1. Given a Förster radius of 25 Å and the C-beta distance between A:LYS123 and B:SER24 as r, what FRET efficiency does 1/(1 + (r/R0)^6) yield to the nearest 0.05?
2. Put the label 7 Å from Cα along Cα→Cβ for A:ASP37; what are its distances to the other copies, in nanometres, shortest first?
3. Once phi is turned into ³J(HN,Hα) by the Karplus curve 6.51 cos²θ - 1.76 cosθ + 1.60 with θ = phi - 60°, what whole-Hz value does each residue of the stretch B:22-38 show in order, with x for glycine and proline?
4. Tell me the label-point distance for the pair C:ARG34, B:ASP37, using the 7 Å Cα-to-Cβ offset, in nm and rounded to one decimal.
5. Skipping prolines and chain starts, which residues have an amide H placed within reach, meaning under 5 Å, of the one on D:ALA71, given they are 5 or more residues away or on another chain?
6. Work out, step by step, the length gained on full extension between B:ASP108 and B:GLN77: first 0.36 nm times the residue separation, then minus their alpha carbon distance; give nm to one decimal.
7. Considering amide H positions built from the backbone, and no H for Pro or chain starts, which residues 5 or more places from D:ARG20, or on another chain, come under 5 Å of its amide H?
8. Please state the Cα pair-distance histogram of the stretch B:75-115 with 5 angstrom bins from zero: what percent is in each bin?
Protein chains: 4
Amino acid sequence: MAKCPGWKRRYDPHMPFTNRDLESIRQDVAAFARDRDWDQFHSTRNLLLAVISEIGEAAEIVRWSGDREPAVPADKQQAWADELADVFILLVRLADRSGVDLTVAFADKLRRAGEKYPVEQFKGSNRKYDEG
Amino acid sequence: MAKCPGWKRRYDPHMPFTNRDLESIRQDVAAFARDRDWDQFHSTRNLLLAVISEIGEAAEIVRWSGDREPAVPADKQQAWADELADVFILLVRLADRSGVDLTVAFADKLRRAGEKYPVEQFKGSNRKYDEG
Amino acid sequence: MAKCPGWKRRYDPHMPFTNRDLESIRQDVAAFARDRDWDQFHSTRNLLLAVISEIGEAAEIVRWSGDREPAVPADKQQAWADELADVFILLVRLADRSGVDLTVAFADKLRRAGEKYPVEQFKGSNRKYDEG
Amino acid sequence: MAKCPGWKRRYDPHMPFTNRDLESIRQDVAAFARDRDWDQFHSTRNLLLAVISEIGEAAEIVRWSGDREPAVPADKQQAWADELADVFILLVRLADRSGVDLTVAFADKLRRAGEKYPVEQFKGSNRKYDEG
């Protein structure tokens, strides 16, 4: 695993997401579909392919970027935010339609990841990192 | 666009996600990486490829399912929830590291989608739906 | 794994691909890049993300199709062929640039798949099929 | 688009693919499925999801690599070749089952790409490259 030399840290603990409840997001997405009677199109695999389609659009934006950071060209930052939002919307919808409580699944997975990669053992190390 | 005849509706307005603030989720994911000194590996493209890898694992679960519902085999429901959680965790991390406020990007995109597909014009119709 | 009821068989042993040597395809793709001095952009991960981007465009075409066949809408057949060609071109380039002899890798993998799924044991059965 | 500084050229015009006819590859893949009576599972979207699943496994191998070359860790070269072979096998099968002559689609697409990016205009330049 290569470090990122010249990596210009964008991470800033003072740049949080705006507060918003995940369940209220699910409700908005569900209402959007219901209002248009689109539930009929939202099967598990239709939504999964839609997620993949949007991920592909995100990949298109950075496919020739190499490892420079920021990887997203300055004039594509809005498009990039849009693609991540599209992936998020469809992921929330996919979880909703396939019976997954995303909040619970998230907490459960992060907890198990913490047990799998104990801090003292993996700090600063990528050993077995990609075997997860 | 094909409707889903025989579609067994899983959608249930009484099965919400557990309440959880999206910013607190971002903080937990960021803390997980920081505690292990893994920020150095979390470049935009590393994370994007990680998202794609997890989406691929979700695709593996339903790739031979056809469009029956539920598409996820009964004995794979936990694995399915895990894959969606992995995609979610990495998507949150990707947004965080590439300077996207996912809450704002979400609301902004859903609003514009609403303007693009007015209810009265698209209700029950898929016209131009996939040209989005 | 669901069978495809009402599956309209498109497979026709009399509809072969036009004959063409895979190595001559690799040469054409390599010449295309070399003529434009684009080798400099064709790193492994740039090309992989490009493959994913094109796969995403293929997914977009059939994402709302459900399980009907043909899954590709009649007016999208040319676009579909184009996307598969894009994936193919980039896959050939990716193999070339990352030191993989695609002909050998193909034959080797198909042979091992044949050993893993013996005909007598897996004929008409999907048992363990998706554990591959 | 970033160049690849320190890019260790793997490309070697003397490292061709082994000669093999693309139609004979299609036939082998088709025979593999027919012998096991698996045509029934090979719908367009099943195969597309299978392609995506295998692409995801390739992404897993290089997801933490950054853009160093070779991106594929030395001990993963066989796995990498296997994943590219899997993508290739499933792509050939997908084209076959969805009525695409991959040889013709390839030649047609490369010809049009050549017209879109004339050598004299794009040599060494990435101008509009990613608008393709």
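A short reminder: the numbers here are calculations on the coordinates, not readings from a lab. Values in this document were obtained by computation on a predicted structure and should not be read as measured data. Heads up, the Cβs are rebuilt from the backbone with ideal geometry, glycines too, and the neighbour counts pull from every protein chain shown.
1. About 0.60, to the nearest 0.05.
2. 4.2, 5.9, 6.0
3. Taking θ as phi minus 60°, the curve returns 5, 5, 5, 5, 4, 4, 5, 5, 5, 5, 4, 6, 5, 4, 9, 6, 9 Hz for the stretch B:22-38.
4. Each label point lies 7 Å from its Cα, and together they span 4.6 nm.
5. C:THR44
6. Once the chain is fully extended between B:ASP108 and B:GLN77, it gains 7.9 nm.
7. Hits under the 5 Å cutoff: C:LEU22, C:GLU23.
8. So the P(r) values, bin by bin, are 6, 20, 17, 17, 16, 14, 7, 2, 0.
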